[in-house]
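Colleague: The structure follows.
Values quoted throughout were computed directly from the atomic coordinates according to the rules given, and no laboratory measurement underlies them. It should be emphasised that the depicted structure is a prediction, and the values quoted were computed from it without experimental measurement. In this analysis, Cβ positions are derived from the backbone assuming ideal geometry, glycine residues included, and neighbour counts consider all displayed protein chains.
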Amino acid sequence: MTVFERRVAHLKPIIATMNTTGELLLARMTEQGRADRGEPLIRRMRDCCQIITFLTPTS
């Protein structure tokens with residue numbers, strides 16, 4: 001059972017912050033030879049979490 005599955009099963013919150021999108025995170029993990037972990041991680045985050053995107057105002 002993954003951390004995500006365990007927390008969801010026990011009705012615990014998951015708070016994760018990132019300065020990138022799922023697509024960029026997957027691309028970075030793929031470049032580092034971690035695509036096998038990147039796809040499942042992003043899929044679980046999208047399945048188990050509500051994604052909130054904050055945009056910075058442009059000047």
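Colleague: Just going by the charge dipole of the chain, with Lys and Arg at +1 and Asp and Glu at -1 on Cβ, which of 50, 3, 40 is farthest out on the positive end?
Modeller: Selected residue: 3.
Colleague: Packing-wise, with mean Cβ within 10 Å as the measure, how do 6-16, 26-36 rank, highest first?
Modeller: 26-36, 6-16
Colleague: Rank the residues 39, 23 as a footprinting-exposure proxy: fewest other Cβ atoms within 10 Å of their Cβ go first.
Modeller: Listed from fewest to most nearby Cβ atoms, that is 23, 39.
Colleague: Near residue 3, within a Cβ-to-Cβ distance under 12 Å, what is the net charge of the other residues, with Lys and Arg +1 and Asp and Glu -1?
Modeller: +3
Colleague: What does a probe at residue 2 reach in the stretch 32-57, counting residues whose amide N is under 16 Å from the point 7 Å along Cα→Cβ?
Modeller: The answer is 34-51, whose backbone nitrogens lie closer than 16 Å to the label point.
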